[in-house]
Amino acid sequence: MTEHTAELLGTPNERRIIFLVMDGLGDLPFGDRPQTPLEAAKTPNIDALLAQATTGLFDPVEPGITPGSGPGHLGLFGYDPRNHLIGRGVLEALGIDFPLEDTDVAARFNFCTLDKERRITDRRAGRIGDDINHRLVEKLNANLKFHSSTEVIVRSVSEHRGLVVLRGKDLGGRIPDTDPQQTGVQPLTAVAGDDASKPTADLLNQFVAQTEQILADEDRANGLLLRGIDKRPPIPKIGDRFPINPAAVATYPMYRGIARLVGMNVLDPPGDVAKTMAAAALVPKEFDYLFVHIKYTDKAGEDGNYDWKVEVIEEVDRNLPALMKAKPDVLVITGDHSTPAILKSHSWHPVPALLYAPGTVRPDGSKTFGERACQIGGMGRLPMRHLLPIALAHALKLAKFGA
């Protein structure tokens, strides 16, 4: 069953589409600052595109719904996120090239900081570095002991993030997160959503309890919060749905994972903003769709750091000429969701988007790229899953519908 009429109209050609995704791009005014970070940032290179561009606002899921990173990116890739619920553990596993089996249950975890009453004081353990992460995972693997036929596999991901995979028979994966998404309270207990998931929940609770004992002497990372507990679901490949040969340039495992899940060629992690955008320009021309992911806008929003978010957007703008060496026929600049610095979290606000397509676009007269400017842009306000078909049309990759 198709989710888009566009899936029936694909016409392959060599025209190239690039999606430059600044994670968590959408925002709000902050305190006495009347502009959002995107509106406040100096972006001369992006603004120069507007003479041959149109803009709009896009809802990652639907109006009023706050999306996770998985649903946000599925919308960007032309999927209806409501039809494809994927646990973050699966995406993290795929992102670090873990050989995930269909029967495995995977969970992403955050190292966190707990006080003496097991109340969470920091959900990300001060964003510990990769070196500390690797040391802690080695410590866990050396000391965890289970009297079970199910194998418990722990792996580092990055910073405060890790992965735990349960490998055994007849394991259910319907278990909500143990992360309460707030401080000052204790972690939640893993609770099975069906009978098949009861052994999984029991084993995860044992895992968390043992972990807290093993990490009790650590100053910051002395506990775990489990997120996105799930098994790998079937999902149609993006290249089978649309007339593109897709590739991804992304550093963080989560985003590499979701790109790999939908069938993109995932290239080696390039590093910071400048290296990421320069690496995208070197991707072979056979890949006519590029997903280029920038994480730091989201991190700045989650940290409540308005100024840093402005700096990241300006850094992306400075490096835009390097990306343009890839010679896109269509360039989309947008985000996967909003992460307002004032809220320090994902939000339900629609995401600004710019579509640059010389020769095929109808410019809407926008002079700047920002949330308020996009409210009156030519693309209007639509569900995010429509953005890729719009880009395909501007790349002349869709045939006429009907006689």
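The values are calculated or read from the model by the stated rules, or taken from the named source; none is laboratory data. Only a predicted model underlies this, so the values are computations on that prediction, with no experimental measurement involved. Every residue, glycine as well, gets a Cβ built from its backbone with ideal geometry; the counts of neighbours run over all protein chains shown. With ligands, DNA and RNA removed, areas are computed over all heavy atoms of the protein, side chains included. Shrake-Rupley method; radii C 1.70, N 1.55, O 1.52, S 1.80 Å.
Brief remarks follow.
- Lys, Arg +1 and Asp, Glu -1 on Cβ, resulting dipole of segment 25-176 about Cα centre, debye, nearest 20: 620
- Local electrostatic count at ALA209 - Lys and Arg +1, Asp and Glu -1, tallied over other residues with Cβ under 15 Å: 0
- With K and R counted +1 and D and E -1, the other residues having a Cβ less than 13 Å from that of ARG385 yield a net charge of -4.
- Between the alpha-carbon centres of segment 67-146 and segment 258-336 there is a gap of 22 Å.
- Taking the chain and dividing mean pair separation by its residue count, relative contact order in percent (alpha carbons under 8 Å, at least six apart): 34
- When the chain is reduced to its Cα atoms, the Kirkwood hydrodynamic radius in Å: 21.9
- Distance violations [Cα-Cα > 19 Å] among LYS325/LYS397; LYS237/LYS275; LYS169/LYS198; LYS299/LYS344; LYS285/LYS325: LYS325/LYS397; LYS237/LYS275
- Computed from point charges on the beta carbon alone (+1 for Lys and Arg, -1 for Asp and Glu), the dipole magnitude for the chain about its Cα centre is near 600 Debye.
- Computed from label points 7 Å out along Cα-Cβ, the spacing between LEU396 and THR11 is 0.8 nm.
- Dimensions of segment 1-105 along the principal axes, based on C-alpha atoms and rounded to the nearest Å, stand at 51, 40, 29, largest first.
- To put it simply, the accessible area of segment 54-141 at a 1.4 Å probe is 51 percent carbon and sulfur.
- Unit charges at the beta carbon, dipole of segment 193-324: most positive-side option, TYR289, GLN206, ALA259: TYR289
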